[in-house]
Number of protein chains: 2
Amino acid sequence: MPKIDLESIEQTNNTGYPPPFNAPVAGRWQRKVAEAGGLTELGARHVVLEPGAWSSQRHWHEGEDELLVMISGRAVLVEDAGETELVAGDIAAWPKGVRNGHNLINRSDEPCSFVCVSAGSEEGGAYSDIDMMWTRDGRFTRRDGTPYGDALSAKPR
Amino acid sequence: MPKIDLESIEQTNNTGYPPPFNAPVAGRWQRKVAEAGGLTELGARHVVLEPGAWSSQRHWHEGEDELLVMISGRAVLVEDAGETELVAGDIAAWPKGVRNGHNLINRSDEPCSFVCVSAGSEEGGAYSDIDMMWTRDGRFTRRDGTPYGDALSAKPR
């Protein structure tokens, strides 16, 4: 069935971020849409952010394009140049290799939801505001290359 | 600016479909979102369907995944197995190579809008209900390989 049955997909707030970077995403609830739909060329996640939650640490991807469609509620998109409010129906796009980190923060009193899709090749990336990056093979490290923890998964970002 | 300014993107109802297959998509108004956002790994279009309009002839892709997010209004998703209503916030996914043709038809009295994204490789595809396919190099032909018209562009589908 091409229509995705969201309720049937496990919703998780798992993160591989090492402390203390995991705290802001504790209220981020994700569903793996691409896997549920049998997609292999596209990545896709459905995300609900509780009030106060972040979509991720502010980051950019070396080899993957990302595109987001807001479904409900409102969130603030944070980038190098400042902040932009996103509401239902808004679309944002981030080309691979552009080192302008982005994340969404729900500063409202209600949950918000969006779909985030991606495509390209896993070439790692970095976080704009903290001393962390991730490698092509999915490990979190500091900028000097020393690893965080026990090779924690760097997915989702 | 990662937020897409939809109003600044040209909206067109162009189609390369040969007559009479072009008639049902005359009320399909598309904006090229991926190009506006600088994306190269992901394809993305914002589409408005007037009442009665189709998103495309019913089709499938050999080498590209597709994913759709409904933004506003309602439409009917048509597939081999029948019809499914999609409303704002619904998501549908079509894996590459699955020969179950799909399109959306706006049977309501109001416009509807959605975003459609794609990724993968151009390997052609076919239309389920008419004697037409498209080739890897973007030409519309009949199933026996004879071309339609003067090598009309097969994009958008």
- Considering only protein heavy atoms, what per residue accessible area in square angstrom results for the protein assembly as shown with a 1.4 angstrom probe? 44
- Take peptide B:39-47, look around each residue's Cβ out to 10 angstrom, count Cβ atoms belonging to other protein chains, and average those counts. 6
- Output, in nm with one decimal and in ascending order, the distances from the B:Ala26 label point to the matching label points of the other copies (7 Å from Cα along Cα-to-Cβ). 5.9
- Query: So which residues of the range B:69-87 lose at least 40 Å² of accessible area, probe 1.4 Å, when you go from the chain by itself to every protein chain present?
  - Reply: B:Val69, B:Ile71
- Task: Name the residues whose placed amide hydrogens come within less than 5 Å of the amide hydrogen of B:Ile4, ignoring near sequence neighbours (fewer than 5 apart) on the same chain.
- Result: A:Ile91, A:Ala92, A:Ala93
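Quick one: longest stretch of chain A between exposed loop GluC sites (Glu not before Pro), exposed meaning at most 14 other C-beta atoms within 10 Å and loop per DSSP?
Working: sites that count: A:Glu10, A:Glu123.
That gives A:11-122 as the longest site-free run.
By the scheme Lys and Arg +1, Asp and Glu -1, what is the net charge of all other residues having a beta-carbon under 15 Å from that of A:Gly82?
Working: positive: A:Arg58, A:Arg107, B:Lys3; negative: A:Glu79, A:Asp80, A:Glu83, A:Glu85, A:Asp129.
Once all neighbours under 15 Å are counted, the net charge is -2.
Is it possible to state the helix-based mean residue ellipticity at 222 nm for chain A, with each DSSP H run of 4+ residues giving -39500 (n - 2.57), the sum divided by total residues, to the nearest 500 deg cm²/dmol? What is it?
Numbers: 1 runs with 5 residues, N = 157.
Calculated from helices alone, the mean residue ellipticity at 222 nm is -500 deg cm²/dmol.
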- Query: Can you list, shortest first in nanometers, how far B:Glu83 lies from the same residue in the other copies, with each label 7 Å from Cα toward Cβ?
  - Reply: 4.5
- Query: From the label point of A:Thr146, set 7 Å along Cα to the beta carbon, how far off in nm is each other copy's matching point, shortest first?
  - Reply: 7.4
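Loop-only check: which trypsin sites (Lys or Arg not before Pro) in the range B:64-106 are DSSP coil with at most 14 other Cβ within 10 angstrom? Spell out each step's value before the answer.
Values: sites: B:Arg74, B:Lys96, B:Arg99; in loops: B:Lys96, B:Arg99.
Answer by residue number: B:Arg99.
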- Query: Smallest Cβ-to-axis distance in chain B, for the rotation taking B to A: which residue, how many Å?
  - Reply: B:Ala119, 2
- Query: Carbon and sulfur together cover what percent of the accessible area of the protein assembly as shown at a 1.4 Å probe radius?
  - Reply: 49
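The values are calculated or read from the model by the stated rules, or taken from the named source; none is laboratory data. Note that this is a predicted model, so its numbers are computed, not measured. We place every Cβ from the backbone using ideal geometry, glycine too, and count neighbours over all the protein chains shown. To get the accessible areas, we keep the full protein, side chains included, count just its heavy atoms, and leave off ligands, DNA and RNA. Shrake-Rupley method; radii C 1.70, N 1.55, O 1.52, S 1.80 Å.
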